[in-house]
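Just below is one structure, and these are the notes that go with it.
Just so you know, all these numbers are worked out from the coordinates, no wet-lab data involved. This is a predicted model, so every value here is computed, not measured. Here the Cβ positions follow ideal geometry from the backbone for every residue, glycine too, while neighbour counts run over all protein chains shown.
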Amino acid sequence: MTSPSQPSQIFFLPGALGRTQLWEPVANMLACPAHKEHIGWPGFGSVPASPSVHGLDDLAEMVLAKMDRPTALVAQSMGGVVAVLAALRKPELITHLVLAATSGGVDVAALGGTDWRPAFHEAHPQLPRWFSAYRADLSAQLQTIDIPVLLLWGDADPISPVSVGQRLAALLPRARLQVFANGDHDLAETHAAEIAPLIDEFLVSL
């Protein structure tokens, strides 16, 4: 099933730190008139934990429950997996996917990514650990996503190297990959001035 052509709203999904402000520079520069909303993760950052959220599948259901009109998902890192899960479940609700520096449901380690989990949990012991246990391989399912996808990658990201973006570009039928020089895992924030116009252009594509 194909998605509607234009978004009425844009959801911005953060990574494992739950930093909703990560996407604020991009959101503030977008000319797209769609309603914009920054989604936080229960148990991350300032958002209280929820007894109904125990994994990325639950986060995907939470995001889908907020969709009452055609929606574009703009997501970073862990949020990218949530966006993919949402697109697999309800593609008719999603017009576009923008995925930045994410695993997207493929094996990052096999593609040269470093294991960030031990250092991350040591630095942030207060955060839930269930999200880092996610290991599902969505490679086969990615090929069924008939939604335009913009992949944003940095060439200096050890966590999700360009090879991951290239793998996703090969699996997703309607994806294109944009690589940013000197972009690290936080390129959504550091390269906002370059990213915003690309997203604006992308959101009017079919």
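Along each of its three principal axes, how wide is the spread of alpha-carbon positions in the range 28-151, in whole angstrom units, largest first?
Principal-axis extents of the Cα atoms in the range 28-151, largest first: 40, 34, 30 Å.
Would you kindly state how much longer the chain becomes between Ser139 and Ser163 on full extension, computed as 0.36 nm times their sequence separation minus their alpha carbon distance, in nm to one decimal?
7.2 nm
If the range 40-104 were replaced by its equivalent ellipsoid, with semi-axes equal to the square roots of 5 times the Cα gyration tensor eigenvalues, what would those be, largest first, whole Å?
Whole-Å semi-axes of the equivalent ellipsoid: 19, 14, 10.
Fully extended, how many nm does the chain gain between Ala110 and Ala181 (0.36 nm per residue separation, minus their Cα-Cα distance)?
Working: separation 71, 0.36 × 71 = 25.56 nm, distance 2.29 nm.
Separation in residues times 0.36 nm, less the Cα-Cα distance, equals 23.3 nm.
So if each residue of separation counts as 0.36 nm, and I subtract the Cα-Cα distance between Gln6 and Gln126, what length gain in nm does that give?
Net length gain for the segment: 39.3 nm.
So, in nm, how far is label Leu88 from label Ala156 when the simple model puts each one 7 Å beyond its Cα toward the Cβ?
3.4
What are the ³J(HN,Hα) values, in whole Hz, obtained from phi via the Karplus relation 6.51 cos²θ - 1.76 cosθ + 1.60 with θ = phi - 60°, for each residue of the range 182-195 in sequence order, with x given for Gly and Pro?
6, x, 9, 5, 9, 4, 4, 8, 6, 10, 4, 5, 7, 6
Between the range 86-126 and the range 8-57, what is the C-alpha centre distance in whole Å?
A separation of 14 Å, based on Cα centres.
Go through Phe202, Leu73, Thr144 and say which Cα lies farthest out towards the positive end of the charge dipole of the chain; charges sit on Cβ, +1 for Lys and Arg, -1 for Asp and Glu.
Of the options given, the answer is Thr144.
With runs of 4+ DSSP H residues as the only contributors, calculate the mean residue ellipticity of the chain at 222 nm using -39,500 (n - 2.57) per run, divided by the residue total and rounded to the nearest 500.
Value at 222 nm, helices only: -8500 deg cm²/dmol.
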